[in-house]
1. If the cut-off is a Cα-Cα distance under 29 Å, which lysines reach residue 164, setting aside same-chain residues fewer than 8 apart in sequence?
2. Quote the convex hull volume per residue of region 71-177, based on C-alpha atoms, as a whole number of Å³.
3. Rounded, prolate or oblate: which fits region 1-88, taking a ≥ b ≥ c as square roots of the Cα gyration tensor eigenvalues, rounded meaning a/c under 1.5, else prolate when a/b beats b/c?
4. Percent relative contact order of region 92-177, based on C-alpha pairs within less than 8 angstrom and at least six residues apart?
5. Given Cα pairs under 8 Å that are at least 6 residues apart, what percent is the relative contact order of the chain?
6. Can you compute 3J(HN,Hα) from phi for each residue in region 115-124, using the Karplus curve 6.51 cos²θ - 1.76 cosθ + 1.60 with θ = phi - 60°, rounded to whole Hz and x for Gly and Pro?
7. How would you classify region 73-114 from its alpha-carbon gyration tensor, with a ≥ b ≥ c the square roots of the eigenvalues: rounded for a/c under 1.5, else prolate if a/b is greater than b/c, otherwise oblate?
8. For the pair residue 114 and residue 172, what calculated FRET efficiency results from E = 1/(1 + (r/R0)^6), where r is the Cβ-Cβ distance and R0 = 25 Å, to the nearest 0.05?
Amino acid sequence: PGSLNSHQGLEVAIGAVASLRDSEPSLRFLIVGDGPEREKLISMVRLLQLEDRVCVQGLVSMEQIAKIMSSIDLGVVPKRKDSFGNEAFSTKIMEFMAMNVPVVVSRTRIDEYYFNDTLVEFFESGNAEDLAEKIVALMRCADRRNALCKSGTEFIARNNWDVKKQGYLDLVDRLCS
């Protein structure tokens with residue numbers, strides 16, 4: 001879910017779905033959001049004949065996105081490492097964790113700083129084949145998915161707004177003094 005910008009790397013995820021077309025017939029990929037890359041992504045889906053596998057849905061309400069995110073099997077955050085995405089923290093990762101959804105994440109500087117292999121499944125940024133391999137591995141290993149969900153839930157319990165709010169407000173107060 002979110003803005004459909006080039007740094008999000010969604011074409012990498014579409015490429016991974018294309019490479020799994022024959023081996024994983026049940027695989028579906030849902031993209032929710034809008035932005036400058038929307039038409040390019042839709043064209044790529046058509047070109048690769050993935051209309052039955054990839055759905056590019058427009059904007060939905062926050063309530064709808066929460067319901068969608070809680071109902072999926074796997075979150076994918078395919079940000080590009082060679083651009084803004086290498087430094088920009090993606091709240092989607094924590095949102096998936098909060099929904100008890102395991103997450104496959106592009107190996108970027110920022111995400112390696114905050115997360116590790118016990119929290120997310122990393123793949124090489126920009127590499128659709130590596131992403132495809134990680135998706136299949138998670139599809140086939142319930143124990144790994146469950147471990148990611150458990151550690152993600154614990155991470156959220158230690159790092160949510162209720163826990164971090166006072167520290168943030170104290171920091172703002174010190175900076176404004």
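The numbers here are math on the coordinates, done by the rules we state, and not lab data. Bear in mind that the values here come from a model prediction, so they are computed numbers and not experimental data. We place every Cβ from the backbone using ideal geometry, glycine too, and count neighbours over all the protein chains shown.
1. 67, 79, 81, 92, 150
2. 101
3. Rounded shape, in that the Cα axes give a/c under 1.5.
4. Relative contact order here is 32 percent.
5. Relative contact order, the chain: 21 percent.
6. With the stated coefficients, region 115-124 comes to 10, 9, 5, 7, 9, 9, 9, 7, 9, 5 Hz.
7. Because a/c hits 1.5 or more and a/b exceeds b/c, region 73-114 counts as prolate.
8. Efficiency computed from Cβ-Cβ geometry: 0.75.
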